[in-house]
Structures are given as C-alpha cells and as structure tokens.
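Before any comments, here is the structure.
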Amino acid sequence: MPEKTGRVIYLNGASSSGKTTIAKELQKAAPEPYLHASIDAFLHQLPALVLEDHAALARELPRLLAGFNSSSAAIARAGNNVIVDTVLQEPSWVAPCVMAFEGLEVLFVAVRCSLEALESREIERGNRQRGMARYQYDRVHLHGIYDIEVDTSTMPVGTCVSRILEAARSGKAPSAFRTLRAVGN
C-alpha cells in the first residue's frame with residue numbers, strides 16, 4: 001500500500017459539456033501528473049452489439065459504472081492522482097459513486113453548460129447520440145452539491161482549468177463527496 005493516496009478531481013457534467021477537454025488541459029497545467037479516467041473509454045470496451053441495443057446497455061450499465069468508479073478509486077488508492085470524467089445522469093448513480101471513493105480526497109466539479117451550447121456541440125461533433133444532452137441537462141446536477149462549479153458556455157477552458165487548479169491547491173479539504181455520503185445521496 002502506498003504511503004499516500006492520490007488526489008481525485010471528479011468532473012461531472014452532461015455529454016458535450018467539455019469535461020474531456022478540461023481533463024486534458026488539467027493534465028497539461030497541473031504541476032504533478034494526473035491520469036485521466038473517462039467513462040467513455042469504459043463504455044467503448046463493450047461490444048458494439050451492446051452499445052447499439054438500448055435494453056442491453058441498460059442491463060450492463062450498473063456493473064460497468066460500479067467497475068468504473070471502483071477502478072478510478074483504486075488508481076487513487078495506489079497513490080496516483082486521477083481526473084475522473086463522467087456523467088452522473090441518474091440520481092441512483094450518485095450514492096454508489098461517492099461510496100466507491102470513501103477515504104479519498106475528491107474535488108467534485110460541476111461542469112455546466114447551457115442547453116443551447118450542449119445541443120450545438122452535440123450536432124457539431126457528430127459522434128453523439130442526438131437528444132442525449134437534453135436528456136442529461138436537468139438530471140446530471142440534481143444532487144446539487146459540489147466543491148466548485150465551472151460553466152464552459154460562459155468561461156474559456158483556460159479559466160475553468162485555472163479555477164479548478166486553484167481549488168485543488170487551496171489547502172481547503174474538499175467536502176462535497178463527504179456531504180453526499182452523510183445525506184445518503
């Protein structure tokens with residue numbers, strides 16, 4: 001077991017909100033190395049037949065999410081810093097997520113974006129399921145508790161990254177995951 005666990009920056013936002021872009025820029029700007037754990041990378045490990053079948057995907061998601069959260073937390077427990085990039089689109093996904101990271105320092109970041117910008121990005125990217133951003137928009141932040149919030153529709157990526165790094169370096173212990181565990185969310 002390592003002497004010290006790694007730090008976790010946990011980015012949560014709707015599809016096309018800019019989480020992956022922020023994660024990559026955080027990796028460049030952080031003075032210490034951070035691994036990037038992306039739910040998209042986990043999803044794309046599933047066979048195409050499952051990804052194309054909504055019912056099959058719905059059956060697989062609980063196990064996939066449990067594995068994603070547990071493995072991301074294990075990365076930090078092994079002493080690595082990690083940026084987690086995911087979408088907590090269902091209220092029932094929040095409690096298992098925060099429990100997986102129990103005992104770790106997690107800076108919980110809301111990556112917000114206007115619905116108009118999300119839908120525009122969804123179309124521009126062409127690799128997103130149409131309507132996903134709209135579906136996730138009102139759901140992804142329902143739990144309402146974060147350590148810091150950024151908005152990629154009103155802030156340049158560099159500003160988002162600077163604010164996140166400031167919060168990470170502030171010396172103030174992040175509390176959102178601890179609070180969510182306490183309220184049973």
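Each value in this text was obtained by applying a stated rule to the coordinates, not by laboratory testing. These figures come from a predicted structure and were not determined experimentally. Because the Cβ atoms are built from the backbone with ideal geometry, glycine has one as well, and the counts that use them run over all protein chains shown.
Charges were assigned to the Cβ only: +1 to each Lys and Arg, -1 to each Asp and Glu. The resulting dipole of the chain about its Cα centre is roughly 260 debye. Label positions at residue 170 and residue 52, each projected 7 Å from the Cα along the C-beta direction, are separated by 4.7 nm. Distance between the modelled labels on residue 134 and residue 153, one decimal in nanometres: 1.4 nm (7 Å Cα→Cβ projection). Label separation (residue 44 vs residue 92): 2.8 nm, computed from points 7 Å beyond Cα along the C-beta direction.
Highest average first, the peptides 159-169, 42-52 ordered by how many other beta carbon atoms sit within 10 Å of their residues are 159-169, 42-52.
The loop-placed trypsin sites (Lys or Arg not before Pro) in the stretch 1-39, going by DSSP, that have at most 16 neighbouring Cβ atoms within 10 Å of their Cβ come out as 4.
Summary value for the chain: 34 percent relative contact order, contacts being C-alpha pairs under 8 angstrom separated by 6+ residues. Across the stretch 5-22, computed HN-Hα scalar couplings (Karplus, 6.51 cos²θ - 1.76 cosθ + 1.60, θ = phi - 60°) run 7, x, 8, 10, 10, 9, 8, 10, x, 5, 4, 6, 7, x, 4, 5, 4, 4 Hz from first to last residue, x flagging Gly and Pro.
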